[in-house]
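To keep things clear, I will list the structure first and then write my remarks on it.
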Amino acid sequence: MRAHLVGLALLLCLGWGMIIVVGGAARAGPRQDIDALPAAPPPLRNPGLECTEGYYDPEGVVGNVPNGWRGLILSDPLRAPRVNSTRVLVTGSCDPNDNSRHIERLEGSDSWIFRAKDLETRPEPGKPFDGLLYQQVAVTPDVAYSVSAWLLSLCGGTAADCPDGYYIAKMLGVDPNGGADPLAPSVLWVEDRRSHVEAGWANLRLGFTAQAITTTLFVRLNSPFQWHGNHGFIDAVSIIQAPTARFVALPDQVATATIPVQWEGDLGPDIPAIPGGTYRLYFDVEARQGTDGPWQPWLEGQPAGNALFWAGVASVPRDFYFRVRARAEQPPAPPAGAWPNHRYPGVWVESGPVTVLPLDLPYREFLPTIER
């Protein structure tokens, strides 16, 4: 017993949050509420942004928008970007068999392109722009969903000569309330400012819980700087029911310096049905002390399992909180799996407090005093 406690004392010096044991066996149990969920993914229209599905010229947009989607320009309308089917722009038609010229796309035969006004026309080529495509999708309230989309930005065109500090922001947004205003405070956004040299086609994704019978997806290209050649592409949008995560038998309190944490989850009904998919379930776990501090990463990319969280020794009771998120990804990457290689994150699931009680006096005898 003494040798065991001396070992704990050495670990204590490294601070709270250390991983003591990680379980390696998968424990993805069945989703408890699976029977109550719809059997099919939400009916996203024209997810591949194909001109073969049709397109139209909406008011307020210079160019055309794919059927199933709406277009919106958020920047100065006098400097509005040119929005088009990439295939129609490049070849002059929507013939999917016309391979006479390169069509920049990720899947299918088409993508959608946003080009800055006066792309290469002096004296001010590449006017700033901020534009998006959006779509309202039927969902089930209180159900978690994953959204994934692919975007490509070329700041300075293919020459990649954008000045330091300049960028084109690739953005994916979701309004869980189903509103059509991309600037509403309810909209959740993820953003990628990397150039095409750094990222190429970039996958943006997020998880959310639907709050209404519809949710709104926004796929956005924001080019805030005037620079020649600025343009970007949107392709391959997907929305499915998210993978789920949950804690198992998390204690309300412990009288030791470690907290046993166990987690499991499920891919959900949609991901296993993806043709050719090789999706596996991974989990991220974060922790914090009290309710005011920031969440701290603890475990990333773990299978279902368990670990001991090192909370340290306290002279008074302390509360710790945990949250876990599932994500579905394909190892190895395509061509072994489904294409496009969408990644699907779930939503964070938070625990209640776990109270760490002061250790009994016989145990304190072997533990050093830590100033905090």
(request) Could you list all residues from segment 187-212 that are hydrophobic (A, V, I, L, M, F, W, C) and modelled with pLDDT of 95 or more? (result) Val187, Leu188, Trp189, Val190, Trp201, Ala202, Leu204, Leu206, Phe208, Ala210, Ala212
(request) Would you mind finding the one in Arg27, Arg31, Arg45, Arg70 that is among the basic types (Lys, Arg), open to solvent by 60 Å² or more (accessible area, probe 1.4 Å) and at pLDDT below 50? (result) Arg27
(request) Quick one: count up the residues across segment 49-58 that are surrounded by fewer than 21 Cβ atoms within 10 Å (Cβ to Cβ) and of a type outside the set (Val, Ile, Thr). (result) 5
(request) Check off (1) at pLDDT 95 or above; (2) over 19 Å from the mean Cα position of the chain (by Cα); (3) open to solvent by less than 50 Å² (accessible area, probe 1.4 Å) for Asp181 and give me the number that stays unchecked. (result) (3)
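Rundown of residues vs (1) under 30 Å from Gln302 (Cα atoms); (2) in contact with a Pro (Cβ under 6 Å, 6 or more places away or on another chain); (3) at pLDDT below 95; (4) of a type in the set (A, V, I, L, M), yes/no style:
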{"residue": "Gly63", "(1), (2), (3), (4)": "no, no, no, no"}
{"residue": "Arg82", "(1), (2), (3), (4)": "no, no, no, no"}
{"residue": "Glu124", "(1), (2), (3), (4)": "no, no, yes, no"}
{"residue": "Lys127", "(1), (2), (3), (4)": "no, no, no, no"}
{"residue": "Leu133", "(1), (2), (3), (4)": "no, no, no, yes"}
(message) Based on this model, can you work out whether Phe247 counts as aromatic (Phe, Trp, Tyr) and closer than 30 Å to Thr215 by Cβ?
(response) yes
(message) Just the residues that are touching a His at 6+ places or on another chain (Cβ under 8 Å) and assigned to a loop (DSSP other than H, G, I, E, B), please, taken from segment 156-167.
(response) Gly156, Ala160
(request) Would you mention how many residues in segment 76-87 are buried (at least 18 other Cβ atoms within 10 Å of the Cβ) and either out of contact with any Lys or Arg (no Cβ under 7 Å at 6 or more places or on another chain) or at positive phi (or both)? (result) 4
(request) Would you be able to tell me the number of residues in segment 231-269 that are crowded, with 22+ Cβ neighbours inside 10 Å and modelled with pLDDT under 95? (result) 1
(request) Restricting attention to strands (runs of 3 or more DSSP E) lying wholly within segment 279-357, give those where 3 or more residues are open to solvent by 20 Å² or more (accessible area, probe 1.4 Å) and modelled with pLDDT of 95 or more. (result) 280-289, 296-302, 318-329
(request) Output the strands (runs of 3 or more DSSP E) that fall wholly within segment 72-154 and possess 3 or more residues being touching a residue at least 24 places away in the same chain (Cβ under 8 Å) and among the hydroxyl-bearing types (Ser, Thr, Tyr), or say none. (result) 144-154
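The values are calculated or read from the model by the stated rules, or taken from the named source; none is laboratory data. Since we're looking at a predicted model, the values are computed, not measured. All Cβ positions, even for glycine, are placed from backbone atoms using ideal geometry, and neighbour counts span all protein chains on display. What goes into the accessible areas is simple: the full protein's heavy atoms, side chains included, and nothing from ligands, DNA or RNA. Shrake-Rupley method; radii C 1.70, N 1.55, O 1.52, S 1.80 Å.
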